[in-house]
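Laboratory data are not the source of any read-out in this text; all were calculated from the coordinates shown. Keep in mind that what you see is a predicted model, and the values were worked out from it rather than measured. Here the Cβ positions follow ideal geometry from the backbone for every residue, glycine too, while neighbour counts run over all protein chains shown.
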Amino acid sequence: MHRRFKAWRDSKRHSCQRTPQDPEMPRLPNPRPYALTPSPSQEQIATLAETAPFFRLPLELRRKILIHAFGKRTVHIDLVLTHPLREPLNEERSSYRSTNPAYRFDNDAGHLWPYTKENLGLDKSRPKYWQWRGCVCHRLPPPRFKIPLDFHSYIKPGDDRCCEGWAAYCALWTKRSDKPDCCWIGAMGWLLTCHQAYIEGTEVLYGTNTIHMSSKPLLTNLSTLIPPRSLSLISSLEPVFWLDTHEHQGTAIPNLQQLEKYLLILDIHFPRLLSLHIGLRLDLPIIEDTRTKIKRRHAYVWDMLQSIDAFVQRRCEQREFGHLRDPLLLSISQSAYKDFQNEVRHNDQYYVKKSGVQVWRPLSPGQFVLDDEGEIANATANNGYWIWGDYEDRYEMEKRPLAMY
């Protein structure tokens, strides 16, 4: 009996020892071995122009070329801890795992094909590691398609699934276009060319694109992962934050401490924001779940909105920040938005669009003025902001298998 117990104990001990530990998160070297962005002298630039024809062009023209290559888009920057993807199989019998376009599964929303978890699957025989994920965002149609903001398929940052391999309008960008775009950003080769290419390239990459970030490990460790200069260049941002909730008298209350920490991250690392769309995903418990409907606990969002009010006011008033150019967009979880919309629908201080898709929350006592299209003509960044809901529950329903009868 004693021998059996000892063998069982040893086997448990060895199995615990074999459990792999998660790798340490990557970080910028500290101190940096050398400056990536030195200030070049006129002599260095002249020498570079003699050896590289591109740098003989005027700076304005070089910038236009780089913007055309990888600027003025919405791009994803994320960091995740997961297993590597399985290797593709270039065989006719494996269309999902093939890299041959002839075998591509015909799905207009298929993004980053075939290098996604859905297509290749994860190789769980290999350990997890930290992976940078970056791609061009195709959740919205190209700019030439002028869809109104209240269009029912205007997908919010919190609903974005580009990095998972699904983007609603990917085909409009990559197939049905005179100038097809790519799912990949394609900037790394240029940035590695030389110091001057890195300087000019990062100014375009971070300064002209809208940057989408939804990875909590990335957002909470920005100072150790992305150079401060690059963060300071960002003028348009789509961060997605996840907030816990606690129950109070049958109501879900968002965690304000978490929210304040996230807003402080924006204040510290993004001083030059001109345009900001915050996605808040609230952890709202499901209290009723049927085949056709999901009902979540009622959310009390008023304290949360007061924190957002204070954030907007300091971003517009304090000198250390580049004042917001556009009114803030705040998207919150679908069920929380419906609760909020019902509470303010008959409040004259708020403006609810006819479609119900957006609510204007005023920050000043002045009256808003509507134009012929029902938009607020005098909306500015410091007199209010827009609130709308995402499609969290709709996507939850779509993921479920169809019922068989």
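What the table below lists for this structure:
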item: Prolate/oblate/rounded call for the stretch 159-254, Cα gyration tensor, a/c under 1.5 rounded; result: oblate
item: The stretch 150-258, dipole about Cα centre (Lys/Arg Cβ +1, Asp/Glu Cβ -1), debye to the nearest 20; result: 220 debye
item: Top positive-direction residue, dipole computed over the stretch 235-405 with Cβ charges, set Phe270, Gly374, Thr245; result: Thr245
item: Karplus (6.51, -1.76, 1.60) ³J(HN,Hα), θ = phi - 60°, over the stretch 315-321, in Hz, Gly and Pro reported as x; result: 5, 8, 10, 7, 5, 6, 10
item: Placed amide H near Gln358: partners under 5 Å, 5+ positions off or other chain; result: Lys353
item: Ranking of Ser275, Ser355, Ser331 by count of other Cβ atoms within 10 Å, fewest first; result: Ser355, Ser275, Ser331
item: Sparsely packed GluC sites (Glu not before Pro) within the stretch 243-325, loop by DSSP, other Cβ within 10 Å at most 13; result: Glu320
item: Long-range HN-HN contacts of Gly384 with modeled amide H, under 5 Å; result: Leu363
item: Computed over the stretch 276-405: relative contact order in percent, which uses C-alpha pairs under 8 Å that are six or more apart; result: 27 percent
item: Which listed pairs, of Lys175/Lys295; Lys128/Lys295; Lys146/Lys175; Lys146/Lys216; Lys72/Lys146; Lys117/Lys175, have C-alpha distances above 28 Å, in listed order; result: Lys175/Lys295; Lys128/Lys295; Lys146/Lys216
item: Computed E for Lys124/Asp22 - FRET, C-beta separation, R0 22 angstrom, nearest 0.05; result: 0.95
item: Amide H contacts of His298 (H built 1.01 Å from N, under 5 Å, at least 5 apart or other chain); result: Ala252
item: Integer Hz, Karplus 6.51/-1.76/1.60 couplings in order for the stretch 285-299, x for Gly and Pro; result: x, 7, 10, 8, 9, 10, 5, 10, 8, 10, 10, 10, 4, 4, 9
item: Alpha carbon centroid spacing (whole Å) that separates the stretch 194-235 from the stretch 50-79; result: 15 Å
item: Hz values of 3J(HN,Hα) by residue in the stretch 197-205 - Karplus curve (6.51, -1.76, 1.60), Gly and Pro given as x; result: 5, 5, 4, 5, x, 5, 4, 6, 4
item: Protection proxy ranking, peptides 130-141, 191-202, average beta carbon neighbours within 10 Å, highest first; result: 130-141, 191-202
item: Debye, to nearest 20: dipole size of the stretch 302-355, +1 on Lys, Arg Cβ, -1 on Asp, Glu Cβ; result: 240 debye
